[in-house]
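A short worksheet on the structure shown next.
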Amino acid sequence: MAPHLKLMYFETPGRAEVTRVLLTIGKVPFDYCTISREQWAEVKPTLPYGQLPVLEVDGKQLAQSSAIERYAARLAGLYPQDAWEAAKADELVCFMREWLEDIVSTVFIKNADEKLAARKALVEGPLQTRMTKLNTMLTEAGPDGYLVGGKMTYADVAVFVTMSFLICGFFDGVPRDLYQPFPAITAFHTRMASVPQIRDMYQGVTEGLRMAFKTGAASA
Ligand SMILES: N[C@@H](CCC(=O)N[C@@H](CS)C(=O)NCC(=O)O)C(=O)O
(Lines give C-alpha, C1' and ligand atoms only; values in the text may rest on other atoms or scores of the structure.)
Protein backbone atom coordinates (compact mmCIF):
# COMPACT_ATOMS: atom_id res chain seq x y z
CA MET A 1 0.00 0.00 0.00
CA ALA A 2 1.28 3.51 -0.81
CA PRO A 3 2.51 5.41 2.27
CA HIS A 4 0.50 8.31 3.62
CA LEU A 5 2.47 11.49 2.93
CA LYS A 6 2.15 14.78 4.78
CA LEU A 7 4.45 17.58 3.61
CA MET A 8 4.91 20.38 6.12
CA TYR A 9 6.25 23.81 5.20
CA PHE A 10 5.44 27.50 5.42
CA GLU A 11 3.01 29.22 3.05
CA THR A 12 5.78 30.53 0.76
CA PRO A 13 7.12 28.53 -2.21
CA GLY A 14 10.57 27.83 -0.73
CA ARG A 15 12.32 24.57 0.05
CA ALA A 16 9.24 22.36 -0.25
CA GLU A 17 8.18 23.43 -3.73
CA VAL A 18 10.33 20.99 -5.70
CA THR A 19 8.78 18.16 -3.68
CA ARG A 20 5.25 19.48 -4.24
CA VAL A 21 5.82 19.65 -7.98
CA LEU A 22 7.47 16.20 -8.14
CA LEU A 23 4.65 14.50 -6.24
CA THR A 24 2.06 16.35 -8.32
CA ILE A 25 3.63 15.35 -11.64
CA GLY A 26 3.92 11.75 -10.42
CA LYS A 27 0.27 11.80 -9.24
CA VAL A 28 1.46 10.68 -5.80
CA PRO A 29 -1.21 11.66 -3.26
CA PHE A 30 0.00 13.87 -0.39
CA ASP A 31 -1.35 16.35 2.13
CA TYR A 32 0.25 19.78 2.15
CA CYS A 33 0.23 21.26 5.61
CA THR A 34 1.26 24.92 5.94
CA ILE A 35 2.57 26.14 9.28
CA SER A 36 1.62 29.68 10.26
CA ARG A 37 3.79 32.10 12.26
CA GLU A 38 1.49 31.55 15.23
CA GLN A 39 1.93 27.76 15.08
CA TRP A 40 5.71 27.86 14.50
CA ALA A 41 6.95 28.13 18.10
CA GLU A 42 4.93 25.06 19.02
CA VAL A 43 5.85 23.02 15.93
CA LYS A 44 9.61 23.79 15.79
CA PRO A 45 10.66 21.60 18.78
CA THR A 46 8.78 18.63 17.31
CA LEU A 47 10.93 18.57 14.13
CA PRO A 48 14.16 16.55 13.67
CA TYR A 49 16.32 19.66 13.07
CA GLY A 50 13.90 22.34 14.22
CA GLN A 51 13.33 23.42 10.61
CA LEU A 52 11.01 22.87 7.68
CA PRO A 53 10.33 21.21 5.31
CA VAL A 54 9.50 17.89 6.90
CA LEU A 55 7.77 15.03 5.12
CA GLU A 56 5.81 12.65 7.31
CA VAL A 57 5.70 9.19 5.79
CA ASP A 58 3.13 7.06 7.61
CA GLY A 59 3.84 9.25 10.65
CA LYS A 60 7.67 8.96 10.44
CA GLN A 61 9.52 12.23 9.90
CA LEU A 62 11.96 12.86 7.06
CA ALA A 63 13.83 16.20 7.15
CA GLN A 64 16.34 18.05 4.91
CA SER A 65 14.86 19.24 1.64
CA SER A 66 17.44 17.44 -0.55
CA ALA A 67 16.63 14.07 1.03
CA ILE A 68 12.90 14.75 0.81
CA GLU A 69 13.17 15.76 -2.84
CA ARG A 70 15.09 12.63 -3.82
CA TYR A 71 12.59 10.44 -2.01
CA ALA A 72 9.72 12.25 -3.72
CA ALA A 73 11.49 11.97 -7.08
CA ARG A 74 11.76 8.19 -6.64
CA LEU A 75 8.08 7.90 -5.69
CA ALA A 76 7.16 10.03 -8.71
CA GLY A 77 9.30 8.00 -11.14
CA LEU A 78 11.43 11.08 -11.86
CA TYR A 79 14.72 9.90 -10.35
CA PRO A 80 16.79 8.15 -13.04
CA GLN A 81 17.32 4.39 -12.54
CA ASP A 82 20.69 4.53 -14.26
CA ALA A 83 23.48 5.39 -11.77
CA TRP A 84 25.24 7.80 -14.14
CA GLU A 85 22.04 9.62 -15.05
CA ALA A 86 21.07 9.80 -11.38
CA ALA A 87 24.45 11.38 -10.60
CA LYS A 88 24.04 13.88 -13.46
CA ALA A 89 20.58 14.79 -12.18
CA ASP A 90 22.07 15.28 -8.69
CA GLU A 91 24.82 17.43 -10.21
CA LEU A 92 22.26 19.77 -11.75
CA VAL A 93 20.26 19.94 -8.56
CA CYS A 94 23.46 20.90 -6.67
CA PHE A 95 24.09 23.57 -9.31
CA MET A 96 20.62 25.01 -8.80
CA ARG A 97 21.08 24.91 -5.03
CA GLU A 98 24.06 27.24 -5.48
CA TRP A 99 21.74 29.78 -7.13
CA LEU A 100 19.40 29.51 -4.18
CA GLU A 101 21.87 29.46 -1.29
CA ASP A 102 23.72 32.57 -2.51
CA ILE A 103 20.54 34.59 -2.61
CA VAL A 104 19.20 33.10 0.64
CA SER A 105 22.40 34.21 2.39
CA THR A 106 21.39 37.84 1.70
CA VAL A 107 18.13 37.45 3.61
CA PHE A 108 20.03 37.86 6.87
CA ILE A 109 21.59 41.24 5.93
CA LYS A 110 19.79 43.70 8.21
CA ASN A 111 20.54 46.98 6.42
CA ALA A 112 18.15 47.30 3.44
CA ASP A 113 20.61 49.18 1.21
CA GLU A 114 23.36 46.66 1.90
CA LYS A 115 20.96 43.82 1.16
CA LEU A 116 19.99 45.32 -2.20
CA ALA A 117 23.63 45.96 -3.05
CA ALA A 118 24.54 42.35 -2.24
CA ARG A 119 21.72 41.09 -4.46
CA LYS A 120 22.71 43.43 -7.30
CA ALA A 121 26.27 42.09 -7.09
CA LEU A 122 24.92 38.52 -7.26
CA VAL A 123 22.60 39.26 -10.17
CA GLU A 124 25.32 41.01 -12.13
CA GLY A 125 28.08 38.55 -11.18
CA PRO A 126 27.70 34.86 -10.35
CA LEU A 127 24.09 34.66 -11.53
CA GLN A 128 25.02 35.89 -15.02
CA THR A 129 27.64 33.15 -15.27
CA ARG A 130 25.19 30.52 -14.04
CA MET A 131 22.39 31.66 -16.36
CA THR A 132 24.76 31.64 -19.32
CA LYS A 133 25.77 28.08 -18.41
CA LEU A 134 22.17 26.91 -18.00
CA ASN A 135 21.13 28.61 -21.24
CA THR A 136 23.88 26.70 -23.07
CA MET A 137 22.82 23.39 -21.50
CA LEU A 138 19.20 23.97 -22.47
CA THR A 139 20.17 25.03 -25.99
CA GLU A 140 22.13 21.80 -26.34
CA ALA A 141 19.17 19.79 -25.00
CA GLY A 142 17.04 21.25 -27.81
CA PRO A 143 13.55 22.76 -27.78
CA ASP A 144 11.84 19.47 -26.85
CA GLY A 145 14.69 18.02 -24.81
CA TYR A 146 15.37 17.64 -21.13
CA LEU A 147 18.56 18.05 -19.17
CA VAL A 148 19.34 14.41 -18.35
CA GLY A 149 18.76 11.29 -20.43
CA GLY A 150 16.32 12.83 -22.91
CA LYS A 151 13.26 12.66 -20.64
CA MET A 152 11.94 14.70 -17.76
CA THR A 153 13.68 14.08 -14.44
CA TYR A 154 13.97 15.53 -11.00
CA ALA A 155 16.68 17.87 -12.40
CA ASP A 156 14.24 19.58 -14.81
CA VAL A 157 11.79 20.12 -11.97
CA ALA A 158 14.50 21.57 -9.71
CA VAL A 159 15.61 23.93 -12.48
CA PHE A 160 12.03 25.08 -13.14
CA VAL A 161 11.21 25.61 -9.46
CA THR A 162 14.47 27.40 -8.60
CA MET A 163 14.13 29.68 -11.63
CA SER A 164 10.56 30.52 -10.69
CA PHE A 165 11.35 31.08 -7.02
CA LEU A 166 14.15 33.52 -7.79
CA ILE A 167 11.90 35.84 -9.79
CA CYS A 168 8.76 35.44 -7.68
CA GLY A 169 9.23 38.66 -5.73
CA PHE A 170 10.37 37.01 -2.49
CA PHE A 171 13.85 38.52 -2.99
CA ASP A 172 13.67 42.31 -3.45
CA GLY A 173 16.25 43.44 -5.96
CA VAL A 174 16.07 40.35 -8.16
CA PRO A 175 14.31 41.56 -11.32
CA ARG A 176 11.32 39.66 -12.66
CA ASP A 177 12.79 39.88 -16.17
CA LEU A 178 16.04 38.24 -15.03
CA TYR A 179 15.89 35.57 -17.74
CA GLN A 180 14.89 37.76 -20.67
CA PRO A 181 18.38 37.79 -22.27
CA PHE A 182 18.38 33.96 -22.18
CA PRO A 183 15.95 32.55 -24.77
CA ALA A 184 16.53 28.87 -23.96
CA ILE A 185 15.84 29.54 -20.27
CA THR A 186 12.60 31.44 -20.91
CA ALA A 187 11.44 28.78 -23.40
CA PHE A 188 12.19 26.02 -20.89
CA HIS A 189 10.26 27.81 -18.16
CA THR A 190 7.25 28.13 -20.46
CA ARG A 191 7.48 24.46 -21.45
CA MET A 192 7.70 23.22 -17.86
CA ALA A 193 4.91 25.55 -16.71
CA SER A 194 2.79 24.07 -19.51
CA VAL A 195 3.19 20.45 -18.34
CA PRO A 196 -0.47 19.64 -17.59
CA GLN A 197 0.06 18.69 -13.92
CA ILE A 198 2.17 21.81 -13.28
CA ARG A 199 -0.24 24.04 -15.20
CA ASP A 200 -3.18 22.63 -13.23
CA MET A 201 -1.31 22.99 -9.93
CA TYR A 202 -0.90 26.75 -10.39
CA GLN A 203 -4.04 27.38 -12.45
CA GLY A 204 -6.05 28.79 -9.55
CA VAL A 205 -3.24 31.15 -8.53
CA THR A 206 -4.19 34.73 -9.39
CA GLU A 207 -1.79 36.71 -7.20
CA GLY A 208 1.26 36.40 -5.00
CA LEU A 209 4.58 34.61 -5.22
CA ARG A 210 3.34 31.54 -7.07
CA MET A 211 2.40 33.65 -10.10
CA ALA A 212 6.04 33.12 -11.12
CA PHE A 213 5.32 29.42 -11.62
CA LYS A 214 2.78 30.08 -14.36
CA THR A 215 3.28 30.06 -18.12
CA GLY A 216 4.83 33.26 -19.42
CA ALA A 217 6.16 34.43 -16.05
CA ALA A 218 9.80 34.16 -17.11
CA SER A 219 9.29 36.14 -20.30
CA ALA A 220 7.03 38.81 -18.79
N1 LIG B 1 19.15 22.31 5.29
C2 LIG B 1 17.75 22.48 5.54
C3 LIG B 1 17.47 23.96 5.75
C4 LIG B 1 16.04 24.16 6.17
C5 LIG B 1 15.74 25.62 6.45
O6 LIG B 1 16.60 26.51 6.41
N7 LIG B 1 14.45 25.88 6.74
C8 LIG B 1 14.01 27.20 7.08
C9 LIG B 1 12.91 27.64 6.11
S10 LIG B 1 13.48 27.66 4.43
C11 LIG B 1 13.39 27.20 8.46
O12 LIG B 1 12.79 26.24 8.90
N13 LIG B 1 13.54 28.35 9.15
C14 LIG B 1 12.98 28.56 10.44
C15 LIG B 1 13.94 28.31 11.56
O16 LIG B 1 15.09 27.89 11.32
O17 LIG B 1 13.54 28.55 12.70
C18 LIG B 1 16.91 21.93 4.37
O19 LIG B 1 17.39 22.00 3.23
O20 LIG B 1 15.81 21.42 4.60
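The values are calculated or read from the model by the stated rules, or taken from the named source; none is laboratory data. Remember, it's a predicted structure, so these values are computed and weren't measured experimentally. Ideal geometry is used to build each Cβ from the backbone, glycine not excepted, and the neighbour counts take in all protein chains shown. The area values use the complete protein model at the heavy-atom level, side chains included, leaving out ligands, DNA and RNA. Shrake-Rupley method; radii C 1.70, N 1.55, O 1.52, S 1.80 Å.
Note on the chain: helix-only mean residue ellipticity at 222 nm, from DSSP H runs of 4+ residues weighted -39500 (n - 2.57) and normalised by residue number, equals -16000 deg cm²/dmol. For segment 5-76, the pair-distance distribution built from all alpha carbon pairs, in bins 5 Å wide starting at 0, is 4, 18, 31, 28, 13, 6, 1 percent. Listed peptides 84-96, 186-198, 113-125 appear in the order 186-198, 84-96, 113-125 once ranked by packing, highest mean of other Cβ atoms within 10 Å at the front.
With R₀ fixed at 22 Å, the C-beta to C-beta distance from Y49 to V107 puts the FRET efficiency at about 0.75.
Ignoring ligands, DNA and RNA, what accessible area per residue does the chain give at 1.4 Å, in Å²?
I get 50 Å² per residue for the chain.
Whole-Hz Karplus values for segment 24-36 come out as 5, 4, x, 6, 8, x, 7, 9, 10, 10, 8, 9, 7 Hz, taken residue by residue from phi with 6.51 cos²θ - 1.76 cosθ + 1.60 and θ = phi - 60°; glycine and proline positions read x.
A simple spin-label model places the labels of R37 and T136 4.4 nm from each other, with each point 7 Å out along Cα-to-Cβ. Under a no-solvent Debye model with one identical scatterer per Cα of the chain, what's log10 I(q)/I(0) at q = 0.15, 0.16, 0.18 Å⁻¹? Normalising to I(0) and taking log10 leaves -1.03, -1.18, -1.46.
Give me the percent of accessible area attributable to carbon and sulfur for segment 54-130, probe 1.4 angstrom. Write out the running numbers ahead of the final one.
Working: 2340 of 4230 Å².
Heavy-atom surface of segment 54-130 belonging to carbon and sulfur, 1.4 Å probe: 55 percent.
Put simply, when 67-79, 34-46 are sorted by average Cβ atoms within 10 angstrom per residue, most first, you get 67-79, 34-46. Taking 29 Å as the straight-line reach from the Cα of K151, the lysines in range (excluding those fewer than 8 positions away in the same chain) are K6, K27, K88, K133, K214. For E56, the residues whose amide H sits under 5 Å from its own are K6, L7, M8, L62, ignoring neighbours fewer than 5 places away on the same chain, with H placed 1.01 Å from N. So for the chain, taking the charge dipole from beta-carbon charges (+1 Lys/Arg, -1 Asp/Glu), which of Q203, V159, V104 sits furthest toward the positive end? Checked the options; the winner is Q203. Annotation note: trypsin sites (Lys or Arg not before Pro) in segment 125-177 located in DSSP loop regions with a Cβ neighbour count of at most 16 within 10 Å are K151, R176.
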